[in-house]
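Enquirer: This structure is in structure tokens; I'll ask about it shortly.
No lab work stands behind these numbers, since they all come straight from the coordinates. Please read all numbers here as calculations on a predicted model, not as lab measurements. Using ideal geometry, Cβ is built from the backbone for each residue, glycine included, and neighbour counts are taken over all protein chains shown.
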């Protein structure tokens with residue numbers, strides 16, 4: 001696809017070269033890598049190689065989302081996974097919101113991924129349900145990002161094309177059928193209070209995937225965009241512990 005607008009300052013993809021354990025991070029719907037930068041920088045501080053791509057149509061202008069499909073989003077994440085896997089012996093993937101949904105699909109296609117984490121992964125978004133079957137309006141007004149912490153600014157759009165919402169809905173609706181084929185270790189993270197994606201989505205994932213190693217964590221003091229909220233340090237700590245444990249198991253079994 002061709003984007004017609006420049007990337008917003010601060011919304012760029014980022015990469016940190018580290019050791020042979022790679023971490024791929026995916027932002028969510030109408031978000032940008034800025035929303036996961038704290039997570040990425042923190043993980044880089046532990047020595048990991050970190051890559052966070054910018055999904056097509058995101059971080060430029062909302063009209064750029066009118067020409068993309070969810071397959072474009074997945075293919076961008078997949079391309080970056082292949083890139084990271086070419087540099088690192090072990091790759092883990094973590095995704096926020098829609099990024100978590102894409103992460104599940106990636107794990108289904110690439111069972112060699114060492115482990116994944118989802119943060120408030122989206123399978124249903126109630127506020128979009130009334131738009132099913134509608135052809136209007138062309139653009140939907142976006143509210144303020146669902147963040148509990150005060151003074152936090154997320155780079156996002158003020159409007160969203162209805163076409164993009166349709167693509168998100170198709171992505172969400174088609175993902176649960178893949179659960180039975182997901183066997184990689186998984187860390188499922190959810191906020192206790194989320195005004196965008198019901199926390200039950202994460203419980204659905206946890207109970208449905210066939211991973212032998214799986215864990216669910218509840219964030220006590222964050223809303224939907226947890227990667228920028230009060231519990232962001234907790235996400236890092238839990239994820240690092242998860243990576244260390246999975247890596248230790250894989251080493252001892254060699």
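Enquirer: Once you keep just the Cα pairs under 8 angstrom separated by 6 or more residues, what percentage relative contact order results for the range 29-89?
Expert: On the way: 40 pairs, mean separation 18.1, N = 61.
Answer for the range 29-89 is 30 percent.
Enquirer: Using a simple spin-label model with points 7 Å from Cα along the Cα→Cβ vector, what separation in nm is obtained for residue 150 and residue 163?
Expert: Reported label-point gap for residue 150 and residue 163 is 4.1 nm.
Enquirer: Rounded to the nearest 10 degrees, what's the angle between the helix 70-85 long axis and the longest principal axis of the chain, both from Cα atoms, 0 to 90?
Expert: 30
Enquirer: Using a 7 Å offset from the Cα along the Cα-to-Cβ direction at both residue 89 and residue 212, what is the distance between the two label points in nm, to one decimal?
Expert: Distance between label points: 2.1 nm.
Enquirer: For a quick check: sort 39, 216, 147 by the number of other beta carbons within 10 angstrom, fewest at the front. Walk me through the intermediate numbers first.
Expert: Working: 39 26, 216 15, 147 20.
Fewest to most other Cβ atoms nearby, the residues stand as 216, 147, 39.
Enquirer: Shifting gears a bit: Can you give me the distance in nm between label points at residue 16 and residue 109, each placed 7 Å from the Cα along the Cα-to-Cβ direction?
Expert: 2.7
Enquirer: Express in whole angstrom the spacing between the alpha-carbon centres of the range 186-254 and the range 154-176.
Expert: Using only Cα atoms to place each centre, the spacing works out to 22 Å.
Enquirer: Moving on to the next point. For 195, 163, what ranking results if the residue with the fewest other Cβ atoms within 10 Å of its Cβ goes first?
Expert: Working: 195 13, 163 16.
Fewest-to-most Cβ neighbours within 10 Å comes out as 195, 163.
Enquirer: Could you tell me what a quarter of the Cα convex hull surface of the range 84-141 works out to, in nm² with one decimal place? Numbers along the way, then the final one.
Expert: Working: hull surface 23.2 nm².
With every direction weighted equally, the projected area is 5.8 nm².
Enquirer: Over the chain, what is the mean sequence separation of C-alpha contacts under 8 Å (at least six apart), divided by residue count, expressed as relative contact order in percent? Please list the in-between numbers first.
Expert: Working: 548 pairs, mean separation 51.9, N = 254.
Worked out over the chain, it gives 20 percent.
Enquirer: If we count other beta carbons within 10 Å of each Cβ, what is the order of 138, 105, fewest first?
Expert: On the way: 138 11, 105 20.
Listed from fewest to most nearby Cβ atoms, that is 138, 105.
Enquirer: Return the calculated 222 nm mean residue ellipticity for the chain, to the nearest 500 deg cm²/dmol, obtained by summing -39500 (n - 2.57) across DSSP H runs with n ≥ 4 and dividing by the residue count. It would help to have the intermediate numbers written out before the result.
Expert: Numbers: 6 runs with 80 residues, N = 254.
After summing the helix terms and dividing by the residues of the chain, the value is -10000 deg cm²/dmol.
Enquirer: Another question, then. What is the P(r) of the chain, as percent of Cα-Cα pairs per 5 Å bin from 0?
Expert: 1, 6, 14, 20, 21, 18, 11, 5, 2, 1, 0, 0
Enquirer: Right, next: Stretch residue 142-residue 67 to full length: gain in nm at 0.36 nm per residue minus the Cα-Cα span? Can you show the working numbers first?
Expert: Working: separation 75, 0.36 × 75 = 27.00 nm, distance 1.88 nm.
Using 0.36 nm per residue and subtracting the Cα-Cα distance, I get 25.1 nm.
Enquirer: Sticking with this one: For helix 232-252, what angle does its Cα long axis make with the longest principal axis of the chain, in degrees from 0 to 90 and rounded to 10?
Expert: The two axes meet at around 40 degrees.
Enquirer: Would you mind classifying the range 99-245 by shape? Square roots of the alpha carbon gyration tensor eigenvalues, ordered a ≥ b ≥ c; an a/c under 1.5 is rounded, otherwise it is prolate if a/b is larger than b/c and oblate if not. Kindly include the intermediate steps, with their values, before the conclusion.
Expert: Values: a/c = 2.22, a/b = 1.27, b/c = 1.75.
Note, shape of the range 99-245 comes out oblate.
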